[in-house]
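Reviewing the structure listed below.
The values are calculated or read from the model by the stated rules, or taken from the named source; none is laboratory data. Keep in mind it's a predicted model, so treat the numbers as computed, not measured. Cβ: placed from backbone, ideal geometry, glycine included. Neighbour counts: every protein chain shown.
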Amino acid sequence: MLEKIRAELPELSISEVSYPERGYHLAMDAGREQILKVVGFFDKNGFYLEDLFCVDYVEYLELVYFFNNHCGLFRVKTVVRLEPDKPTAPTISDIYAIAHWYEREIHEFFGVYFENHPNLAYLFLHDGLDSYPLRKGTVKVPEEDRKLLGSGAYKESEDTFFVNLGPQHPSTHGVLRVVIKMDGEYILSAEPMLGYLHRMHEKMAENRNYAQFLPNPGRMDYLSALNFNLAYVETVEKISGIIVPERAQYIRTITCELNRISSHLLWLGAFLADLGGLTPFLYAFDDRENILDILEGVTGSRLTYSYFRFGGLFNDVDEKFADGTRAFLERMWKRLDIYDQLITKNVIFINRTKGVGILERDMVRKFGCSGPVIRGSGVPFDMRKLEPYAAYQHTDFEIPVAQNGDILDRYMIRVKEIETSLRIIGSALEKLPAGPFNAEKVPKKLKPPKGDVYHTVESPRGQLGVYLVSDGSETPHRMRWRVPSYSNLMTFPFLAQGVLIADAVAILGSLDLVIPEIDR
Amino acid sequence: MIDQIIDIIGVLNIRVAIGLANVLGLITISAMVLTWAERKVAGHMQRRIAAKEVGPFGLIQPVADVIKLLGKEMLTPADVEKPLYYLGPILIFVPVLVSFVVIPFDARLQVMDVNVGILVILAFSSLSVLSILIAGWGSNNKYSLIGSIRSVAQNIAYEIPLLLSLLAVVFMSNSLSMKEIVEAQNDVWYVFKQPIAFLIFFIACVAETNRTPFDLPEGESELVAGYHTEYSGMRFALFFLAEYTSMLIVSAVATTLFLGGYKGPVLPGVVWFLGKTYFLVFLMLWFRWTFPRVRFDQLLNFSWKILMPLSFLNLIATGALLKL
């Protein structure tokens, strides 16, 4: 691949970096003029846009494009430097659909204008804001930009009307608002409005030291707090070079998988409630309760655990945890049969989900989807296999993949993932080594060396990436969160076009969105 | 001559008045018991205990609920069509009430034996959709409007198979009077002679009463609460209770027409009648806590493409067999 890049993009300065240390393979410097060519090259070669964001280095702004491959892992970081006052860049939203939102986000947080972008309206922020929040130092929002704040007015015609699906609606699970233009029961267009739970975690990270930020990631995705916690902790460990003991790795794997099952179970219940079947909700919560009890025993909390520490864990697990987990595994295998009979074999359920909301293979790439959404469309893309972290390389598991990309497939994938997780937990519990659960000599106040690092884990909703820039001080210079639901939600306007409102609700449910994670 | 007529009318009126009062009491109490039953059934199907604190087995819970709802503010949103908005919840009770008049609870326990009993029930049960439409339109809310329009489309679609399946029974009994139909089932219940008609009738009933899997007019995951989104307090409670009363009436009609009404050995007729009725109601509760919701086009397709041809065929076959 490297030769091909060198051959086709000769004018770029390309440097290879150490993947284990930095989390990406190649770093490229592109100019403003070349970026379109670079993006076109990666698009042609089947790469997807993993992340697009901006970093403020005071003297200059840096647009960072992460490209990655779905089959073999090959992560390329491409950088474009911009002038700090009146920064402009060409839009790539016509090449990668997901860039549409990434660029809007960069525009509202950094004030970078993207030429020819179809709609640079603010995505998250509210009307009262007068400066760009993620810039270092105060940069005022110019008057013409402030007009973009808030949402536009909607014109109803005689045949069509607008419906606000949310922010208070039973099936948006949180405070997502989707403005839907409808013709009778059919949806003409849907536009998600974000920002109702925006808390600016990325800015918070820049204002506190590494240990102080520990509880925050769990608040982003409260349904898989451990996975988010793990992503953050491992990123910091990677940049500081902390070696985590084996036992801690295994326990991290087990608890994360338990968390994944609980997240999938909650999704299962809520999704069926979206379809009108209320009983599976209670069944799923019954099982989820078991997991919460087990995790409460070791972490002390039931939802937003901050269980992992730099270099290890908050405390060691005991026999009670192991026994409880084993009992849960035994119980859960039997329960899966019940779900199978109650849901999977139900004719109404199959009629509602089969062939609805189909995501094509090429589309998932353009949108940068991940997790069960992409695996439902036939791409075996799982960070646990591609970029093994914690103790996943020591456990034996298969990635379930389905081919049709419809709602039923996404459902089946998640149910099979529960089985996969059960297997992982089982084998990790067997192999659980003895030894210390914390690395020695981790300083109270971490000061990672200067540099940047990218790290991803597989959250229940997909690929969760953290990009961290350290300037050698106690606080991060920039911390960027690439969240899975964000790109999965972006597909919704395209999936919802021309379907019935009942299908739209089912599609929205099948994407498994957690809104605070999208809003951050 | 005139005196006699006045006498008859007077007697009739008093009979009807007393009957209506009793029916009203029965409906209200039944609906309240059914809300309790629904909670209990749902609870046990979902591996939980359900209401148990208020009274023995939580039996007084509906009373507590009603008292609570009475105390709630009846909010009237600013932009509603006030006359229609107020009329909706009241109107929804009338058809149910009238329908019960012609139902025979026992051989001699019936408010009025009208010789066109089935027609009365069909005519009045179609009216309930009107009040849903009024409520949905009057609420001036998009979700309500969609919900009520769904309800109209759904009722039109399911009324026809319902009617056709009933006609098969009428063919066999040669009567439209509810009581005579029951008497005609002295030997064998019609459910055994007309299983397809019963099945179609019951499915159509579930759809008519807007119960899961056909609860599209109020499907909460799509339309928040459908046609009663804007109603609160006791007005909402009226819609809520109306759902249970309409379940009761369709089950009572099904019992009368297919399950031999009050007929049954040993026990008094009323017990048999109510027992069968509540069994059918329980089936509906069971459906609700087992099935997810169908989609709207699937719902209509099911009626127009499957139920309706099937009920036609059934009717033709019945007519042919009877003539042969």
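Limited to the stretch A:97-111, what total is found for residues that are part of a loop (DSSP other than H, G, I, E, B) and either among the small types (Gly, Ala, Ser) or surrounded by fewer than 23 Cβ atoms within 10 Å (Cβ to Cβ) (or both)?
Counting residues in the stretch A:97-111 that are part of a loop (DSSP other than H, G, I, E, B) and either among the small types (Gly, Ala, Ser) or surrounded by fewer than 23 Cβ atoms within 10 Å (Cβ to Cβ) (or both) gives 2.
Is it true that some residue in the stretch B:210-218 is away from every other protein chain (no Cβ under 14 Å) and outside any helix (DSSP H, G or I)? Reasoning before the result, please.
Step one: list which residues in the stretch B:210-218 are away from every other protein chain (no Cβ under 14 Å), which gives none.
So far as the stretch B:210-218 goes, no, none of its residues is away from every other protein chain (no Cβ under 14 Å) and outside any helix (DSSP H, G or I).
Please determine whether any residue of the stretch A:23-30 is surrounded by fewer than 18 Cβ atoms within 10 Å (Cβ to Cβ), closer than 28 Å to A:GLU105 by Cα, touching a strand residue (DSSP E or B) at 6+ places or on another chain (Cβ under 8 Å) and of a type in the set (D, E, K, R).
Within the stretch A:23-30 (the criterion being surrounded by fewer than 18 Cβ atoms within 10 Å (Cβ to Cβ), closer than 28 Å to A:GLU105 by Cα, touching a strand residue (DSSP E or B) at 6+ places or on another chain (Cβ under 8 Å) and of a type in the set (D, E, K, R)), the answer is yes, since at least one residue qualifies.
With (1) over 22 Å from B:LEU241 (Cβ atoms); (2) modelled with pLDDT of 85 or more; (3) not hydroxyl-bearing (Ser, Thr, Tyr) as the list, and B:LYS142 as the residue in question, which single condition is left unmet?
(2)
Quickly run through the stretch A:272-315 and pick out the residues that are more than 10 Å from every other protein chain (Cβ to nearest Cβ), aromatic (Phe, Trp, Tyr) and touching a residue at least 40 places away in the same chain (Cβ under 8 Å).
Answer for the stretch A:272-315, where residues must be more than 10 Å from every other protein chain (Cβ to nearest Cβ), aromatic (Phe, Trp, Tyr) and touching a residue at least 40 places away in the same chain (Cβ under 8 Å): A:TYR305, A:TYR307, A:PHE308, A:PHE310.
Is there a residue in the stretch A:302-310 that is over 26 Å from A:GLY376 (Cα atoms) and part of a helix (DSSP H, G or I)?
No, the stretch A:302-310 has no match at all.
Going through the stretch B:42-81 one residue at a time, which ones are among the aliphatic types (A, V, I, L, M) and within 14 Å of chain A (Cβ to nearest Cβ)?
Residues satisfying the conditions are B:ALA42, B:MET45, B:ILE49, B:ALA50.
Pick out the one residue from B:SER148, B:SER165, B:SER175 that is of a type in the set (S, T, N, Q), at pLDDT 80 or above and part of a loop (DSSP other than H, G, I, E, B).
One residue alone meets the criteria, B:SER175.
Go over the candidates A:SER377, A:SER370 one by one and state the one that is in the same structural domain as A:ASP512 (by TED's automatic domain parsing), outside any helix (DSSP H, G or I) and in contact with a strand residue (DSSP E or B) (Cβ under 9 Å, 6 or more places away or on another chain).
Exactly one of A:SER377, A:SER370 is in the same structural domain as A:ASP512 (by TED's automatic domain parsing), outside any helix (DSSP H, G or I) and in contact with a strand residue (DSSP E or B) (Cβ under 9 Å, 6 or more places away or on another chain), namely A:SER370.
I'm trying to understand the selection: among the residues of the stretch A:163-195, which are of a type in the set (Ser, Thr, Tyr) and either buried (at least 19 other Cβ atoms within 10 Å of the Cβ) or free of Cβ contacts under 8 Å to residues at least 60 places away in the same chain (or both)?
Step one: filter the stretch A:163-195 for residues of a type in the set (Ser, Thr, Tyr), giving A:171-172, A:186, A:189.
Listed by number, the residues that qualify are A:SER171, A:THR172.
Identify all residues within the stretch A:474-520 that are within 22 Å of A:VAL236 (Cα to Cα) and touching an Asp or Glu at 6+ places or on another chain (Cβ under 8 Å); write none if there are none.
A:THR475, A:PRO476, A:HIS477, A:ARG478, A:MET479, A:ARG480, A:TRP481, A:ARG482, A:VAL483, A:PRO484, A:GLU517, A:ARG520
Scan the stretch A:202-229 residue by residue and report those that are under 13 Å from A:VAL514 (Cα atoms) and in contact with an Asp or Glu (Cβ under 6 Å, 6 or more places away or on another chain).
A:MET220, A:ASP221, A:PHE228 - these are the residues of the stretch A:202-229 that are under 13 Å from A:VAL514 (Cα atoms) and in contact with an Asp or Glu (Cβ under 6 Å, 6 or more places away or on another chain).
Could you list, in sequence order, the residues of the stretch B:40-61 that are in contact with a helix residue (DSSP H, G or I) (Cβ under 8 Å, 6 or more places away or on another chain), among the small types (Gly, Ala, Ser) and modelled with pLDDT of 85 or more?
B:ALA42 - this is the single residue of the stretch B:40-61 that is in contact with a helix residue (DSSP H, G or I) (Cβ under 8 Å, 6 or more places away or on another chain), among the small types (Gly, Ala, Ser) and modelled with pLDDT of 85 or more.
Considering the stretch B:288-324 alone, what residues qualify as being outside any helix (DSSP H, G or I) and within 14 Å of chain A (Cβ to nearest Cβ)?
The answer is B:TRP289, B:THR290, B:PHE291, B:PRO292, B:ARG293, B:VAL294, B:ARG295.
Can you tell me which of A:ALA390, A:ALA428 is among the small types (Gly, Ala, Ser), assigned to a helix (DSSP H, G or I), at pLDDT below 90 and closer than 14 Å to A:CYS256 by Cβ? Before the answer, list the steps.
Details: A:ALA390 fails: assigned to a helix (DSSP H, G or I).
The unique qualifying residue is A:ALA428.
Looking only at the stretch B:242-264, which residues are under 26 Å from A:LEU272 (Cα atoms) and either within 14 Å of chain A (Cβ to nearest Cβ) or at pLDDT below 85 (or both)?
Step one: list which residues in the stretch B:242-264 are under 26 Å from A:LEU272 (Cα atoms), which gives B:243-244, B:247.
The answer is B:GLU243, and nothing else.
Of B:PRO104, B:PRO95, B:PRO83, B:PRO89, which residue is in contact with a Lys or Arg (Cβ under 8 Å, 6 or more places away or on another chain) and either surrounded by fewer than 16 Cβ atoms within 10 Å (Cβ to Cβ) or in a helix (DSSP H, G or I) (or both)?
B:PRO89
Kindly indicate whether any position in the stretch B:265-287 is within 14 Å of another protein chain (Cβ to nearest Cβ) and either of a type in the set (Gly, Ala, Ser) or touching a helix residue (DSSP H, G or I) at 6+ places or on another chain (Cβ under 6 Å) (or both).
Initial filter on the stretch B:265-287 (within 14 Å of another protein chain (Cβ to nearest Cβ)): B:285-287.
Still in the running and either of a type in the set (Gly, Ala, Ser) or touching a helix residue (DSSP H, G or I) at 6+ places or on another chain (Cβ under 6 Å) (or both): B:285.
There is at least one residue in the stretch B:265-287 that is within 14 Å of another protein chain (Cβ to nearest Cβ) and either of a type in the set (Gly, Ala, Ser) or touching a helix residue (DSSP H, G or I) at 6+ places or on another chain (Cβ under 6 Å) (or both).
Any idea which of B:THR28, B:THR76 is more than 19 Å from the chain's Cα centre (by Cα) and surrounded by 13 or more Cβ atoms within 10 Å (Cβ to Cβ)? If you could, list the steps in order and put the result at the bottom.
Values: B:THR28 fails: more than 19 Å from the chain's Cα centre (by Cα).
Result of the check over B:THR28, B:THR76: B:THR76.
Only one of these conditions is not met by B:PRO195: (1) crowded, with 24+ Cβ neighbours inside 10 Å; (2) closer than 30 Å to B:LEU176 by Cβ. Which number is it?
Against the list (1) crowded, with 24+ Cβ neighbours inside 10 Å; (2) closer than 30 Å to B:LEU176 by Cβ, B:PRO195 comes up short only on (1).
Looking only at residues that are part of a strand (DSSP E or B) and of a type in the set (D, E, K, R) in the stretch A:63-82, which one is surrounded by the most Cβ atoms within 10 Å (Cβ to Cβ)?
Checking each candidate, the answer is A:LYS77.
Among the residues that make up the stretch B:28-39, is at least one of them in a helix (DSSP H, G or I), modelled with pLDDT of 85 or more, within 14 Å of another protein chain (Cβ to nearest Cβ) and under 24 Å from B:GLY226 (Cα atoms)?
Yes, because at least one residue in the stretch B:28-39 is in a helix (DSSP H, G or I), modelled with pLDDT of 85 or more, within 14 Å of another protein chain (Cβ to nearest Cβ) and under 24 Å from B:GLY226 (Cα atoms).
Residues are listed down the side, and each one gets a yes or a no for (1) assigned to a loop (DSSP other than H, G, I, E, B); (2) more than 30 Å from B:LEU300 (Cα to Cα); (3) not assigned by TED's automatic domain parsing to the domain that holds A:ALA502:
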position: A:GLN168; (1), (2), (3): yes, no, yes
position: A:SER171; (1), (2), (3): yes, no, yes
position: A:GLY174; (1), (2), (3): yes, yes, yes
position: A:TYR210; (1), (2), (3): yes, yes, no
position: A:PHE213; (1), (2), (3): yes, yes, no
position: A:PRO217; (1), (2), (3): no, yes, no
